[in-house]
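Encoded as structure tokens, the structure appears first; notes follow it.
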């Protein structure tokens, strides 16, 4: 347990404080679930960025600089929160009143039963994760030879860390975002050695965070019972657990995409600039995790601007405010990604093919056989019950049912989730359509992982669309009220 | 007749959402409760106990780079090293993973898949193949570690 404390304590506290400051004036139901779900990944993201910028600034002192930066941030955030944290009214409101609804007895029993189901599923999934990890501590190929090798360059020889971008080790994808390698180095710095166990701990942290964050969202938008059951359904999908055990970047990416998308739904409903900021921050972290995250950032930005344009009939001031909030949130992780792509990892295969825009257009629109193969792959993988437990069929049914339901403010924002799921998969289609590799090889090696990115958003959408509630649980202005402590 | 039908329809329409919820959550619960966790090998239970212990030594044996520690004493500490395999390097070749595992061990030195470096790790499946491949690529075996493994040096 000491190893978890040493490597995860600062990221968790830092993430917790950052989110608490951003959400200070926003009334969210079950805020504790939100914080439990998002604190560790947010902290991991911040520590990863602190380390990366420290390496850029002074690689020899990077370890000390990054620790000082994170400690100063922690102190400043805690000081900002200090007047209200110890308030005697704070904790009862925060932990109990919000966590257990005061309903009739049968409802309360259902709450308890669904919570037990979630906890039992979580325990079983964690147990299986740990067993699988004990048998294969190094994870899958990416974890073994891409993230770890890059982290070794930073940890073993900080002075010459930029050698990790050398074309000599082209198979590590020199132009690939660095959240996981820098996170590994952060953990190793904390422990003082190249720990084999920190990678699995981080992977487990992201995996459990996905479950908790989904639970929070459904509790907030549908009901607490729906939240527990939705979280348990996610944990029952073994496909997510398999790739978490493999320590691939797809689960962290899925977390950040999900968090960004779900927070954006609340942002659109409440117009809170801090929520736009937070959604942007998560989208920025997605771009710092995998290349697909960059495309996601573009999609979600365009999608929410479009939605706001129609909602407010083109009121430029509202649009600008929201867009600025989102862009500010995503700015630091995005800056890191851009610096990496433009100045450091310039020889990667993803930038390597040196195709012109015309080439790309020709590949996207001209290769029908490839398009057919990709659509067949979508059908084959999405309809696999073994992989997805019927998730995509539920999403389709959700879209049909939602189309027939009475239009309310809540159902309109639910459609946003569906739009994001479609856009993420459209991005996957474009990436496959333009890949430099053989399409069959690419589908076999990546397709089931690509679907992970939008899967949790699809669960949230399905549960929202297929659950009938008498009236929206949260009035629009509810989120706007300031919490009184 | 029409007046009688309206209350019935009203009642029916109020039941539909609840029935919908019951069907949806019923299916989801059935899926969750019937999901089986795959079995893992017996030794996983023993190894799991060591996961969060202070000593990670037991897991060091499973480090993909660990087998390359035997080559280390015979190699220069800072120079890049050529990795010689049964067949010339190709990304589709399964043995490429050994090259990547060697890189994991020798970082920050580069393990190079092309015969450009002074020293080489010879990593073939038999001694005969090792000699043949060394000859083909312009290297000579200077230290044998058995089973087609050893250290090579580039011929002048």
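The values are calculated or read from the model by the stated rules, or taken from the named source; none is laboratory data. What you are looking at is a predicted structure, and each value in this text was computed from that prediction instead of being measured. Note: ideal-geometry Cβ built from the backbone for every residue, glycine included; neighbour counts use all protein chains shown.
Taking residue B:99, is it in a helix (DSSP H, G or I) and either surrounded by fewer than 17 Cβ atoms within 10 Å (Cβ to Cβ) or at pLDDT below 90 (or both)? It is false that residue B:99 is in a helix (DSSP H, G or I) and either surrounded by fewer than 17 Cβ atoms within 10 Å (Cβ to Cβ) or at pLDDT below 90 (or both). Selection of first residues in the range B:85-104 that are more than 18 Å from residue A:151 (Cα to Cα) and within 12 Å of chain A (Cβ to nearest Cβ) and of second residues that are modelled with pLDDT of 85 or more and surrounded by 18 or more Cβ atoms within 10 Å (Cβ to Cβ), restricted to Cβ pairs under 6 Å at least 6 apart or on distinct chains, gives the following pairs, ordered by first then second residue: B:89/B:113; B:98/B:123.
The helices (runs of 4 or more DSSP H) found entirely in the range A:351-409 that carry 3 or more residues being at pLDDT 90 or above and closer than 21 Å to residue B:27 by Cα are A:385-388, A:391-404.
Take residue A:133 and decide whether it is within 11 Å of another protein chain (Cβ to nearest Cβ) and either in contact with a strand residue (DSSP E or B) (Cβ under 7 Å, 6 or more places away or on another chain) or surrounded by 22 or more Cβ atoms within 10 Å (Cβ to Cβ) (or both). So residue A:133 passes the test.
Checking each residue of the range A:448-467 against the condition of being at pLDDT below 90, more than 14 Å from chain B (Cβ to nearest Cβ) and closer than 24 Å to residue A:298 by Cα gives at least one match. For residue B:109, the stated conditions hold: it is surrounded by 13 or more Cβ atoms within 10 Å (Cβ to Cβ), within 13 Å of another protein chain (Cβ to nearest Cβ) and assigned to a loop (DSSP other than H, G, I, E, B).
Look at residue A:229 and say whether it is over 14 Å from the mean Cα position of the chain (by Cα), assigned to a helix (DSSP H, G or I), more than 24 Å from residue A:178 (Cα to Cα) and within 14 Å of another protein chain (Cβ to nearest Cβ).
So residue A:229 passes the test.
Could you list all residues from the range A:6-29 that are modelled with pLDDT under 90 and surrounded by 18 or more Cβ atoms within 10 Å (Cβ to Cβ)? Selection gives A:7, A:8, A:26, A:27, A:28, A:29.
State all residues of the range A:169-194 that are buried (at least 20 other Cβ atoms within 10 Å of the Cβ) and within 11 Å of another protein chain (Cβ to nearest Cβ); if no residue qualifies, say none. Within the range A:169-194, A:169, A:172 meet the criteria. Do we have residue A:217 as out of contact with any strand residue (DSSP E or B) (no Cβ under 8 Å at 6 or more places or on another chain), outside any helix (DSSP H, G or I) and either surrounded by fewer than 24 Cβ atoms within 10 Å (Cβ to Cβ) or away from chain B (no Cβ under 14 Å) (or both) here? The answer is no for residue A:217.
Here residue A:236 qualifies as within 14 Å of chain B (Cβ to nearest Cβ), at pLDDT 95 or above and surrounded by fewer than 24 Cβ atoms within 10 Å (Cβ to Cβ).
The single residue among A:51, A:77, A:17 that is in contact with a helix residue (DSSP H, G or I) (Cβ under 6 Å, 6 or more places away or on another chain) and either under 24 Å from residue A:217 (Cα atoms) or not in a helix (DSSP H, G or I) (or both) turns out to be A:17. Of the residues that make up the range A:95-107, is at least one surrounded by 13 or more Cβ atoms within 10 Å (Cβ to Cβ), in a helix (DSSP H, G or I), at pLDDT 85 or above and more than 10 Å from every other protein chain (Cβ to nearest Cβ)? So far as the range A:95-107 goes, no, none of its residues is surrounded by 13 or more Cβ atoms within 10 Å (Cβ to Cβ), in a helix (DSSP H, G or I), at pLDDT 85 or above and more than 10 Å from every other protein chain (Cβ to nearest Cβ). If you go through the range B:60-82 and pick out every residue that is in a helix (DSSP H, G or I) and under 12 Å from residue B:111 (Cα atoms), you end up with 1.
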